């Protein structure tokens with residue numbers, strides 16, 4: 001599929017194949033190539049704010065492969081440049097998986113990139129995101145320091161959890177080199193029920209489904225053309241339990257619920273993924289709200305899209321309050337105005353997942369979060385000379401140029 | 001600033017009844033649940049509000065005075081051990097449940113609310129707070145956040161870090177910020193995730209938004225006796241391999257069962273080599289399907305008796321016994337140390353036999369109580385202070401923790417590093433790992449006044465070079481101890 005423009009291309013690239021080469025690539029270039037651009041598969045090149053120019057690229061796709069997989073312990077250690085979809089294929093042979101289904105998996109996204117962008121998919125309802133599934137990480141810092149936190153066991157409180165810092169860091173702190181993940185058993189049976197309705201009906205129904213203890217893996221409300229949408233409820237479990245739970249949905253919600261044939265379910269889940277990926281020229285946003293504010297946000301998006309003459313599709317993990325919005329057609333100024341309006345609506349909790357619909361000099365990030373001072377202090381400690389990720393979190397983090405002046 | 005002026009300033013800000021400087025009262029703050037380490041603080045502060053906490057911290061920051069936050073003081077790693085010439089900030093007066101939001105399944109609470117108090121307050125809505133450390137009747141949510149507390153049910157439900165949406169935090173310079181937010185989708189670094197489990201070294205949480213879960217539709221608790229610890233361990237492995245994620249899988253050995261039965265008569269079989277407690281919860285049909293499979297696997301692995309706790313009161317008895325296990329050791333030994341190491345689940349049997357060998361070498365008894373599902377061991381090293389066994393017991397306890405690291409695990413699964421295991425950290429982490437962790441600490445606390453001496457090894461406690469534990473000079477002279 002078409003990728004967003006990645007910004008100015010650095011003149012040369014290093015392609016390390018293991019952590020030793022990565023460390024050398026970073027440490028040896030401190031003077032000659034102070035500003036590095038770290039890239040995995042490039043599936044999030046169009047996310048967040050555009051990168052500032054760099055002196056050299058470090059391509060992590062050579063750092064690929066499984067370091068340790070113990071099916072009985074249900075943990076796997078992989079290099080950061082490993083495609084997660086390939087890992088899932090391997091795990092499926094042992095009826096296991098990483099309980100994580102971001103849309104970018106299908107595009108070949110790497111585990112390091114998925115962690116650094118805090119991406120997620122519908123299974124976030126039950127399993128959260130990678131911050132909840134990563135149990136260990138090894139990172140390389142700007143001065144060549146190799147640091148590890150966590151480990152190979154699920155339960156572990158020894159030391160600070162550095163992997164959490166790198167979740168959502170957009171490459172601004174250092175380079176994730178290796179990741180250890182917790183695995184879950186792949187479901188023996190699965191079913192998706194579809195409940196048509198408005199956002200308000202979906203929110204109400206989602207509450208009833210959760211309260212009834214049906215333990216859905218995902219509850220996603222996705223818009224259809226014409227103002228209504230479908231609530232998709234994924235149930236994973238045993239061949240005996242899943243059908244019973246699926247039929248309970250209509251009873252519990254008082255709404256007509258259709259248990260979808262597998263092909264129809266796959267088709268609708270692809271629609272959900274398609275909202276998050278978009279195509280060339282789209283703008284895609286991810287917004288966090290209180291779950292109960294979901295319907296209000298959905299209605300606001302529809303109203304703004306009408307006002308600005310933009311086509312909008314939305315998919316909401318309605319039980320946890322994570323919404324993905326895709327804007328299509330209409331001029332870039334309209335996309336930017338809509339984004340700015342949503343910044344006012346949802347504050348700092350708006351991430352741009354595709355910015356090429358926003359035009360040349362987009363205002364990507366909204367008001368900074370209240371903890372911005374701590375974020376800046378962490379950046380200063382981990383990457384004091386601004387070697388990594390300049391621009392991606394601008395203007396929240398100061399620009400590279402200023403950092404360089406200070407360091408001279 | 002003189003102590004008298006400092007006291008007067010703090011009394012002016014917080015009220016004179018919020019400042020404790022009476023030596024007798026100060027003594028009651030000298031240790032937490034790890035009673036072997038004792039330091040009397042110079043002042044204890046009992047603010048009533050988050051603003052009060054912030055004001056107190058601002059004074060500490062201005063004067064460069066170290067401070068230690070304290071909840072119920074039930075921690076088992078010396079994380080709330082006071083600093084000499086420092087201040088203890090007790091959160092015991094911040095105990096309001098500020099808001100319950102059943103629609104969004106969350107509550108906003110102050111840090112001094114107890115873990116169980118949250119679940120009791122939200123029970124009318126069919127909701128509960130999932131992390132359930134054995135001390136849940138008294139331990140506070142502020143302490144749970146600091147330690148990233150687990151409990152018996154974290155195999156399925158995760159740890160405290162998976163159950164907190166947001167925290168209002170007083171940073172070590174006295175400013176107030178918010179980490180996290182309304183939704184799990186928050187921009188930038190996961191500063192909330194890094195804060196949870198930081199053992200009080202990055203700031204003080206003054207208001208916490210907890211995630212609540214709906215009570216599961218069905219619960220089944222199976223108690224299975226086994227003729228050997230290895231067979232019980234293999235059963236756990238086979239249950240997990242079958243793709244079943246129980247809510248909890250606990251194991252106790254003969255010695256632990258003996259203590260529990262002497263203390264609370266929970267109905268466990270005395271004399272059996274190992275007992276496994278498997279709790280399944282979720283939709284009724286799923287639970288029924290999994291229960292049948294677990295029962296089959298127990299029998300296949302040689303279980304001698306299966307007992308299903310069918311009613312809520314039967315289940316409560318089973319859990320009462322398990323959660324009373326540490327305290328019950330008093331029935332079979334005058335003194336004991338609790339360990340908290342973790343091993344990969346597949347190495348449970350190996351870990352237990354090596355712990356047994358270490359115990360035999362040392363000539364001491366070790367009772368084993370553990371979260372078998374996630375490999376988190378709680379070996380209880382039994383000894384008698386009166387018989388002068390303390391040093392031997394302490395060495396055995398430290399070797400068990402380090403054995404866990406050598407087996408590919410961790411020094412701590414839920415009790416934290418605190419003071420107790422700070423000097424063992426170099427066994428698990430390199431100097432570069434620890435230096436990087438110190439960078440994170442410096443980002444939050446550049447002045448180094450927020451619970452100093454905990455979590456990371458320091459030359460003061462561990463000797464000039466971080467390395468295996470060496471007695472502190474004060475310890476050698478008997479002025480301080482480890483416990």
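The values are calculated or read from the model by the stated rules, or taken from the named source; none is laboratory data. Predicted model, so just to flag it, every value in this text is computed and none were measured. We place every Cβ from the backbone using ideal geometry, glycine too, and count neighbours over all the protein chains shown.
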For the stretch B:157-171, what are the residues that are more than 10 Å from every other protein chain (Cβ to nearest Cβ) and either farther than 11 Å from residue B:205 by Cα or out of contact with any strand residue (DSSP E or B) (no Cβ under 9 Å at 6 or more places or on another chain) (or both)?
-> B:157, B:163, B:164
Residues in the stretch B:128-151 that are surrounded by 24 or more Cβ atoms within 10 Å (Cβ to Cβ) and farther than 21 Å from residue B:92 by Cα: how many?
-> 1
Mind listing just one residue for me: the one in the stretch A:60-87 that is within 14 Å of chain B (Cβ to nearest Cβ) and part of a strand (DSSP E or B) and, of those, farthest from residue A:119 (Cα to Cα)?
-> A:70
Hits in the stretch A:251-274 - residues which are surrounded by 16 or more Cβ atoms within 10 Å (Cβ to Cβ) and either part of a loop (DSSP other than H, G, I, E, B) or free of Cβ contacts under 8 Å to residues at least 24 places away in the same chain (or both) = A:255, A:257, A:260
Can you give me the number of residues within the stretch B:139-165 that are modelled with pLDDT under 95 and in a loop (DSSP other than H, G, I, E, B)?
-> 3
Give the residue, chosen from A:208, A:240, A:234, that is within 10 Å of chain B (Cβ to nearest Cβ) and within 21 Å of residue B:284 (Cβ to Cβ).
-> A:240
For the stretch B:47-57, state whether one or more residues are more than 28 Å from the chain's Cα centre (by Cα), outside the structural domain of residue B:454 (by TED's automatic domain parsing), within 20 Å of residue B:111 (Cα to Cα) and crowded, with 16+ Cβ neighbours inside 10 Å.
-> yes
Any hit, the stretch A:353-363, residues being modelled with pLDDT of 95 or more and under 30 Å from residue A:233 (Cβ atoms) = yes
Among the residues of the stretch B:402-421 satisfying the criterion of being more than 10 Å from every other protein chain (Cβ to nearest Cβ) and over 13 Å from the mean Cα position of the chain (by Cα), which is nearest to residue B:148 (Cα to Cα)?
-> B:419
Of (1) surrounded by fewer than 19 Cβ atoms within 10 Å (Cβ to Cβ); (2) within 19 Å of residue B:399 (Cβ to Cβ); (3) more than 14 Å from every other protein chain (Cβ to nearest Cβ), residue B:350 fails just (3)
Has the stretch B:285-293 got any residue that is away from chain A (no Cβ under 14 Å), in a helix (DSSP H, G or I) and under 23 Å from residue B:130 (Cα atoms)?
-> no
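Each row is one residue, and each column tells you yes or no for (1) in contact with a helix residue (DSSP H, G or I) (Cβ under 7 Å, 6 or more places away or on another chain); (2) more than 28 Å from residue A:366 (Cα to Cα); (3) not assigned by TED's automatic domain parsing to the domain that holds residue A:101.
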residue: A:207; (1), (2), (3): no, yes, yes
residue: A:219; (1), (2), (3): yes, no, yes
residue: A:244; (1), (2), (3): yes, yes, yes
residue: A:250; (1), (2), (3): no, yes, yes
residue: A:255; (1), (2), (3): yes, yes, yes
residue: A:264; (1), (2), (3): no, yes, yes
residue: A:287; (1), (2), (3): yes, no, yes
Expected single match for away from chain A (no Cβ under 14 Å) and in contact with a helix residue (DSSP H, G or I) (Cβ under 8 Å, 6 or more places away or on another chain) among B:337, B:326 is B:337
In this structure, does residue A:120 turn out to be touching a residue at least 12 places away in the same chain (Cβ under 8 Å), more than 11 Å from every other protein chain (Cβ to nearest Cβ) and assigned to a loop (DSSP other than H, G, I, E, B)?
-> no
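Residue-wise test of (1) in contact (Cβ under 8 Å) with a residue 60 or more places away in the chain; (2) within 19 Å of residue B:413 (Cβ to Cβ).
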site	(1), (2)
B:271	no, no
B:279	yes, yes
B:292	no, no
B:295	yes, no
B:301	yes, no
B:306	yes, no
B:349	yes, yes
Residue B:385 passes all but one of the listed conditions (1) at pLDDT below 95; (2) surrounded by fewer than 24 Cβ atoms within 10 Å (Cβ to Cβ); (3) assigned to a helix (DSSP H, G or I); the exception is number (3)
Would the stretch B:415-430 turn up any residue that is in contact with a strand residue (DSSP E or B) (Cβ under 7 Å, 6 or more places away or on another chain), buried (at least 21 other Cβ atoms within 10 Å of the Cβ) and touching a residue at least 24 places away in the same chain (Cβ under 8 Å)?
-> no
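Quick grid of which residues meet (1) surrounded by fewer than 21 Cβ atoms within 10 Å (Cβ to Cβ); (2) closer than 30 Å to residue A:215 by Cβ:
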site	(1), (2)
A:293	yes, yes
A:297	no, yes
A:307	yes, no
A:324	no, yes
A:346	no, yes
Hey, can you tell me all the residues within the stretch A:131-173 that are facing chain B (nearest Cβ under 9 Å), in a loop (DSSP other than H, G, I, E, B), in contact with a strand residue (DSSP E or B) (Cβ under 6 Å, 6 or more places away or on another chain) and in contact (Cβ under 8 Å) with a residue 24 or more places away in the chain?
-> A:151, A:152, A:153, A:154, A:172
Would you be able to say whether some residue in the stretch B:280-296 is buried (at least 19 other Cβ atoms within 10 Å of the Cβ), farther than 12 Å from residue B:220 by Cα and touching a helix residue (DSSP H, G or I) at 6+ places or on another chain (Cβ under 6 Å)?
-> no
Out of (1) without any contact (Cβ under 8 Å) to a residue 60 or more places away in the chain; (2) closer than 21 Å to residue A:119 by Cβ; (3) within 11 Å of chain B (Cβ to nearest Cβ), the odd one out for residue A:339 is which?
-> (3)
Confirm whether residue A:74 is over 30 Å from residue A:31 (Cα atoms), buried (at least 22 other Cβ atoms within 10 Å of the Cβ) and in contact (Cβ under 8 Å) with a residue 40 or more places away in the chain.
-> yes
Pairs, first in contact (Cβ under 8 Å) with a residue 40 or more places away in the chain and assigned by TED's automatic domain parsing to the domain that holds residue B:173 in the stretch B:63-82, second assigned to a helix (DSSP H, G or I) and surrounded by fewer than 22 Cβ atoms within 10 Å (Cβ to Cβ), C-beta under 7 Å, six or more apart = none
Condition check for residue A:283: surrounded by 22 or more Cβ atoms within 10 Å (Cβ to Cβ), within 30 Å of residue A:369 (Cα to Cα) and more than 10 Å from chain B (Cβ to nearest Cβ) | yes
Taking the stretch A:386-408, which residues are modelled with pLDDT of 95 or more and over 22 Å from the mean Cα position of the chain (by Cα)?
-> A:386, A:387
